[in-house]
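Single-structure report; data block below.
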Amino acid sequence: MNIHHILIQELQNILSVCISEMANERGIQPNELPKIEIEKPFNTDHGDYASNIPLRLTKLFKNNPLTLANEIAKKLPCNANSFTVETAAPGFINFKLSENWVRDQINVIIKAGSSYGDLPVGKGTKVMIEFVSVNPTGPAHVGHARGAVLGSALANMMSAAGYSVTREYYINDAGNQMNLFYESVLARYHELHGENYPFPEKGYQGDYVTGIAKLIQETYGSSLLNNNDMLKIAGDFSKGNMLNVISEDLSILGVEFDNWFSEKSLFDSDDYSETISELKTKQYLKEMDNALWFASTLLDDDKDNVIVRTNGEPTYFASDIAYHRNKFVKRKFDRVIDIWGADHQGHISRLKAAMRALHIDDSKLTILISQMVTLKKGDEVVKASKRTGDFITVRDLVDEVGADACRYFFLARSASSQMEFDMELAKKTSNENPVHYIQYAHARITNILNLALEKNLDWQKGDINLLTNVHELKLIKTLIRLPEVVLQVSDSLEPHHMPHYALEVASSAHAFYENCRVISSDPEEEAITLARLHLLEASRIVFKKILDLMGMSAPERM
RNA sequence: GCCCCAGUAACUCAGAGGAUAGAGUGACUGCCUUCUAAGCAGUAGGUCGCAGGUUCGAAUCCUGCCUGGGGUACCA
């Protein structure tokens, strides 16, 4: 039999066929059957993969679980060339991979090369991941860095899983926060010329605001001081400058976008007006206290929300509805994933309600919340205040600890958990730092392969059947789990599984390194040397792929 | 008050119905004449916040409570 790259799916399939037959014999409808789960037992005595399905079928089939397990095991179309099946009390089915099959996977990996781990499951479904979307009123800071890393890594992994992914940044360039920012810059610009100009109450205080004012001064001299268009000119300049800064800062963190979408463009096009009239037609709008409200309570939300203020200005919510309508209706995305900071969590239910109001299936919209980050230096908490402009920017962070460490630490935590980011730890080049553990494994492997090249040792001549050592087999078994992990991440939208898997691969590789000497000066050992080089070539491919998916570098030397 | 997230080893965190609850760090023991010791092997370390419930089986699901964080604007 031919086992597909995603072992778990293949095992699910054969179990499913077998259990359907059994259900049929017992007169049980297929829709009553529970989902078949495959797990990886911690204890290797229980095989490489296992299923608890007999236990879950006990009631339905009115049989003892172990009896069921045996019946299933007997029916399974197993072939000792790939794996064997065993049953265990109280009712598990354990799958043990055959060593020959495991070794053969080395060539499967090498043949696939950098596409190993890529899957067809997404079937080209059009997915948008919208993330970061920091207001261009200031640089991106540490909290945004987490969402940025999450989004970019998730995009990589969903692409690998076969989805057609668009990475988008939503520019909030409409609304009064922008005006406040422009006024702040303009006030600093006037100060530079010794002119009196009121600094707005609740204006933007950061030093970067003065920095932009200085750039404007360099470009325009004093010509804006008495210019009627000074707010528009200074505003456009400031916005452009800020977007450049944000884009460059994200870029050094390894975060890139396919599209930058302007909020303002929703008003310049028909998107906004169409959305409002559609909501009006569908009778979800109402006037109250001289404002226009979206009646989200009609759609099970907990309260209604203002769409157009008393002063005639649309709220952020209004343009966000138009924006999401644009994503689904105009641009026809099959699925949209938004990554928001925890402080926007209250916005979820009303946006979903708005989708329902527009007859858009709100299950196509997934909003992931990236929780708060507490920045620490050792035991000391680094305080941040956006109001005073006193915060650590993405650039500060990357300059201090490096992009790889940033990405690893943000990725390794599940998005829904608040986390601590210890800059001291992330900077350390020692065994305390898991980033180095992983990259070091890659560097060691590459080093051996390079050395082999110098000595004219060709791994392609290596006979993989010589690889019988427990550390060799363990390494291969770990490598071949990559497709499963890609699948897991793309299904669960939880990229944090990848860094944990990366640690396992590194651990297997380091153990192999310690226990299996590769390049030997003894000519009699050349055969095993070549066989091990063959394995290392496959390992190098998998490491590179994992690090690529996480957006981290794969150093050849450390 | 109501809504969301979290509480698991000394620390940072995985595990989200199954077999003996894991990893890294820290502590303690060993291991470098040979491809990188940024490594390996081992020891110690747990009332899975608390209390009920569902189940053959609960860290995992349900209910209540406690603690921490976030939200609950005609801010974004």
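The values are calculated or read from the model by the stated rules, or taken from the named source; none is laboratory data. For clarity, every value in this text was computed on a predicted model and none was experimentally measured. Counting neighbours? That spans all protein chains shown, and the Cβs are built from the backbone with ideal geometry, glycine included. Side chains included, ligands, DNA and RNA excluded: accessible areas come from the protein's heavy atoms. Shrake-Rupley method; radii C 1.70, N 1.55, O 1.52, S 1.80 Å.
I'm checking my understanding of the structure. Among residues of the range A:437-449 that are open to solvent by less than 50 Å² (accessible area, probe 1.4 Å) and within 8 Å of RNA strand B (Cβ to nearest atom), which one is nearest to A:S507 (Cα to Cα)?
Step one: of the range A:437-449, the residues open to solvent by less than 50 Å² (accessible area, probe 1.4 Å) are A:438-439, A:441-446, A:448-449.
Still in the running and within 8 Å of RNA strand B (Cβ to nearest atom): A:439, A:441, A:443-444, A:446, A:448.
Values: A:Q439: 11, A:A441: 8, A:A443: 14, A:R444: 12, A:T446: 16, A:I448: 17 Å.
The residue in question is A:A441.
Of all residues in the range A:59-95, which are closer than 20 Å to A:M22 by Cα, within 9 Å of RNA strand B (Cβ to nearest atom) and surrounded by fewer than 17 Cβ atoms within 10 Å (Cβ to Cβ)?
A:K59, A:E86, A:A88, A:P90
Which of the following residues is on the phi > 0 side of the Ramachandran plot and within 14 Å of RNA strand B (Cβ to nearest atom): A:V132, A:V142?
A:V132
For the range A:418-432, give me the residue count where each residue is closer than 23 Å to A:N515 by Cα and more than 6 Å from RNA strand B (Cβ to nearest atom).
0
Working only within the range A:80-97, note down all residues that are of a type in the set (S, T, N, Q) and either in a strand (DSSP E or B) or outside the structural domain of A:R56 (by TED's automatic domain parsing) (or both).
Within the range A:80-97, the subset of a type in the set (S, T, N, Q) is A:81-82, A:84, A:87, A:94.
The answer is A:T84, A:T87, A:N94.
Taking the range A:465-484, which residues are surrounded by fewer than 21 Cβ atoms within 10 Å (Cβ to Cβ) and in a helix (DSSP H, G or I)?
Within the range A:465-484, A:N465, A:L466, A:V470, A:H471, A:L473, A:K474, A:K477, A:T478 meet the criteria.
Given (1) assigned to a loop (DSSP other than H, G, I, E, B); (2) among the small types (G, A, S); (3) open to solvent by less than 80 Å² (accessible area, probe 1.4 Å); (4) within 30 Å of A:T374 (Cβ to Cβ), identify the lone condition not met by A:A502.
If we test A:A502 against (1) assigned to a loop (DSSP other than H, G, I, E, B); (2) among the small types (G, A, S); (3) open to solvent by less than 80 Å² (accessible area, probe 1.4 Å); (4) within 30 Å of A:T374 (Cβ to Cβ), just (1) comes out false.
Look at the range A:508-558 and say how many of its residues are open to solvent by 40 Å² or more (accessible area, probe 1.4 Å) and touching a residue at least 60 places away in the same chain (Cβ under 8 Å).
11
If I go through the range A:482-527 residue by residue, how many of them are closer than 26 Å to A:N456 by Cβ and more than 11 Å from RNA strand B (Cβ to nearest atom)?
Number of matching residues: 4.
For A:S417, state whether it is open to solvent by less than 40 Å² (accessible area, probe 1.4 Å), in contact (Cβ under 8 Å) with a residue 12 or more places away in the chain and small (G, A, S). So that I can check it myself, show each step before the final result.
Details: open to solvent by less than 40 Å² (accessible area, probe 1.4 Å): no; in contact (Cβ under 8 Å) with a residue 12 or more places away in the chain: yes; small (G, A, S): yes.
So A:S417 does not fit the description; no.
Filter the range A:211-236 down to the residues that are in a helix (DSSP H, G or I) and either of a type in the set (A, V, I, L, M) or under 33 Å from the mean Cα position of the chain (by Cα) (or both) and list them by number. Steps first, answer last, please.
At the first step, the residues of the range A:211-236 found to be in a helix (DSSP H, G or I) are A:211-220, A:230-236.
Once the filter is applied, which keeps residues that are in a helix (DSSP H, G or I) and either of a type in the set (A, V, I, L, M) or under 33 Å from the mean Cα position of the chain (by Cα) (or both), the range A:211-236 yields A:I212, A:A213, A:L215, A:I216, A:M230, A:L231, A:I233, A:A234, A:D236.
Which condition from (1) at pLDDT 90 or above; (2) open to solvent by 50 Å² or more (accessible area, probe 1.4 Å) is the one that A:I53 breaks?
Going through the list (1) at pLDDT 90 or above; (2) open to solvent by 50 Å² or more (accessible area, probe 1.4 Å), A:I53 breaks only (2).
So A:V108 fits all but one of (1) at pLDDT 90 or above; (2) under 14 Å from A:I19 (Cβ atoms); (3) part of a helix (DSSP H, G or I); what number is the exception?
(2)
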